[in-house]
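These notes are about the structure you will find just below.
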Amino acid sequence: MTQNKGSLALRIDGRFRAFAALLFAVTFLAAGTDLPGQRGTTEPPVRIPTNVAWTQDTLAIISNGDAFRGLLIARRCNHCHGEEGFSAIATVPNLAGIDRFSFWKQMEDFKSGKRVSAIMQEIAGRDSARDAADLALYYSMLPTGSDMQDKRSFPQAMQNPMRASLAIELILFGDGRRGIPPCQACHGPVGSVRGAPSLARQNGDYLLEQLDHFANGDRANDMNVRMRSIARQLTGEEKEALAHYYGAGLGPDVSAW
Amino acid sequence: MKRKIAFGAAIAVFALALLSTRFYMVDVPLWHILGGSDRPDPVTLHLRGEFVESNLGIGKDPTGGFIVRMIAQQYVFVPQCIIVPAGVPVRFRITSADAIHMLSFLGTNYGLEAVPGAVTEATFTFADAGEFKIPCHEFCGPGHYAMRSRLEVVPENHFPPLEPDERRTCDAK
């Protein structure tokens, strides 16, 4: 009886060990493969809008800018973007007080060709990621008040002031029926989303151009089709109203709060 | 003999309990962590994985049927208009790029929560052709109330067959 028990225990032990080894082997083999049917073998060619992602590494690079070094680099930007970060040409963006994360992303996108511009791709291509971070910090620190000595096209009075109410409605409330969120939910001041710059001191003609480019796909460097989804639903009248309302310096601004 | 059978049965039950516990506590988490297919990183959705922008919309499921992939983000759904055939089961896979959102198919009792870092999957069948609004049903920020998508259900014979690598939406052009 005792002998029988002993042999039974031995046999169970030996089998159990083999079984356990097999189970572990199966687990690790299975873990290395994907669950069946979750990835198609037939996928369309991948389109990547931008190489930038807001990972911790990216945020660290942008956050460690050097404003004085940025000032020195910025001397070559002055010709178009103005010595005080306000451009004399209405189709060139103002950079004073810009959100540095979005500035850095645009520089990277110019460099990688994800955002197309004959001039900026050439210029941004010479700057490293660190240069862009320095510039971003410098421009984000520039004062945004008015200065009568500076040649700047901002603000420009609205050509059609009757459209202001259209712009106000879209900026404050959006249009839920079409799925257009309010501009201020991402571009400030009530909400902010990483990569969405403030529009309060931006040139109207530049904004209109970019809205058109987003709408027809000429500019497609927004993550997850966010701005393209919105811009392609705006009518021409709405785009113009929005761009020139912001361009007239009427848009809601963080500093106004 | 009877005692031996009872002993064996007891061991079998015990082993089964141990194994099933192990399966759910060890194997499934390991599978998810190492396999990685169901845990997309919300900040790199646009770079890699199944939620890159070229893969969104309705497509043919390699295992048969249709599959819809969607992203919810502050404050738009992508795609903003989904088109599906009526009377056919459609598998939805959805994730979020930032906050928690929820799709609520108005007029039906279907809903889907979009969670950053996870994929929510469900299979829905829309019996009749029609149009459904899909508002966001989970407060996600100041633009929440304007965050909407649309579902167009068309008769199956009005839904042209999909190429294997085609993704279709009914977004405004």
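Computed from the coordinates by the stated procedures, all read-outs in this text should not be read as laboratory data. Quick caveat, the model's predicted, so the values are computed rather than measured. Every residue, glycine as well, gets a Cβ built from its backbone with ideal geometry; the counts of neighbours run over all protein chains shown.
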**OP:** Kindly give the semi-axes, whole Å and largest first, of the ellipsoid equivalent to the stretch B:39-108, taking each as the square root of 5 times a Cα gyration tensor eigenvalue.
**Re:** 21, 16, 9
**OP:** Report, by chain and number, residues whose modeled amide H sits under 5 Å from the one on B:Ile83, excluding near sequence neighbours (fewer than 5 apart, same chain).
**Re:** B:Ile58, B:Glu152, B:Cys170
Original post:
Label points 7 Å out from Cα along the Cβ direction at A:Ile48 and A:Ser63: separation in nm?
Top reply: 2.5
**OP:** Provide the FRET efficiency to the nearest 0.05 for the B:Thr63-A:Met162 pair, computing r from the beta carbons and using R0 = 60 Å.
**Re:** 0.60
**OP:** Report ³J(HN,Hα) in whole Hz for each residue of the stretch A:44-51, in order, from the Karplus equation J = 6.51 cos²θ - 1.76 cosθ + 1.60 where θ = phi - 60°; Gly and Pro get x.
**Re:** x, x, 6, 10, 10, x, 8, 7
Subject >> Charge sum, other residues only, whose C-beta stays under 13 Å from B:Tyr75's C-beta, Lys/Arg counted +1 and Asp/Glu -1 >> reply: 0
Original post:
Fewest to most neighbouring Cβ within 10 Å: what's the order for A:Trp104, B:Trp31?
Top reply: B:Trp31, A:Trp104
Original post:
What does the average come to when, for each residue of peptide B:67-78, you count the partner chain Cβ atoms lying within 10 Å of its Cβ?
Top reply: 4
Original post:
In the stretch A:107-168, which trypsin sites (Lys or Arg not before Pro) fall in coil by DSSP and have 15 or fewer other Cβ atoms within 10 Å?
Top reply: A:Arg126, A:Lys151
Original post:
So how do A:Met148, A:Met162 line up by other beta-carbon neighbours within 10 Å, fewest first?
Top reply: A:Met148, A:Met162
Original post:
When Cβ neighbours within 10 Å are restricted to other protein chains, what is their mean count per residue of peptide B:3-13?
Top reply: 0
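Using only the Cα atoms of the protein assembly as shown, construct the convex hull and provide its projected area averaged over every direction, in square nanometres to one decimal.
Mean orientational projected area (the protein assembly as shown, Cα hull): 29.1 nm².
Can you pull a Stokes-Einstein diffusion coefficient for the stretch B:42-158 at 10 °C (1.306 mPa s), Rh from Kirkwood over Cα pairs, as a whole number of µm²/s?
Numbers: Rh = 14.2 Å.
Diffusion coefficient, whole number: 112 µm²/s.
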Original post:
FRET efficiency for B:Phe23 and B:Glu121, Cβ-Cβ distance as r, R0 = 22 Å, nearest 0.05?
Top reply: 0.60
Original post:
What is the spin-label model distance, in nm, from A:Glu122 to B:Asn109 if the labels are put 7 Å beyond Cα along the C-beta direction?
Top reply: 6.5
Subject >> Too-long pairs where the Cα-Cα distance tops 32 Å, listed order kept, from A:Lys105/B:Lys60; A:Lys239/B:Lys60; A:Lys151/A:Lys239; A:Lys105/B:Lys133 >> reply: A:Lys105/B:Lys60; A:Lys239/B:Lys60; A:Lys105/B:Lys133
**OP:** Using only atoms on other chains, find how many Cβ atoms lie within 10 Å of each Cβ of peptide B:155-167 and report the average.
**Re:** 1
**OP:** Output the Cα-based Rg and Dmax of the stretch A:161-250 in Å, rounding Rg to one decimal and Dmax to a whole number.
**Re:** 11.9, 34
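Can you compute the FRET efficiency between B:Ala6 and B:Leu34 using 1/(1 + (r/R0)^6), with r the Cβ-Cβ distance and R0 = 51 Å? Round to the nearest 0.05.
0.80
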Subject >> Karplus-derived HN-Hα couplings along the stretch A:195-210 (A = 6.51, B = -1.76, C = 1.60, θ = phi - 60°), whole Hz, x at Gly and Pro >> reply: x, 9, x, 5, 9, 5, 10, 9, 5, x, 5, 5, 4, 4, 4, 5
Subject >> Rounded to the nearest 20 debye, dipole of the protein assembly as shown from Cβ charges on Lys, Arg, Asp, Glu >> reply: 1880
Original post:
Ranked by Cβ crowding within 10 angstrom, fewest neighbours first, how are A:Glu84, A:Glu240 ordered?
Top reply: A:Glu84, A:Glu240
Subject >> Check: chain B dipole with +1 on Lys, Arg Cβ and -1 on Asp, Glu Cβ, in debye >> reply: 820
**OP:** Only helical DSSP H runs with n ≥ 4 go in: add -39500 (n - 2.57) per run for chain B, normalise by residue count and round the 222 nm mean residue ellipticity to 500 deg cm²/dmol.
**Re:** -5500 deg cm²/dmol
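Give me the dipole magnitude in Debye, nearest 20, for the stretch A:56-141 about the Cα centre, with unit charges on the beta carbon: positive for Lys and Arg, negative for Asp and Glu.
Charge dipole of the stretch A:56-141: 160 debye, to the nearest 20.
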Subject >> Amide proton proximity set for B:Ala118, modelled H, under 5 Å, gap of 5+ >> reply: B:Ser96
Original post:
With θ set to phi - 60° and the Karplus curve 6.51 cos²θ - 1.76 cosθ + 1.60, what are the ³J(HN,Hα) couplings of the stretch A:220-234 in order, to the nearest whole Hz, using x for Gly and Pro?
Top reply: 9, 9, 8, 5, 6, 6, 6, 5, 5, 4, 7, 5, 6, 9, 6
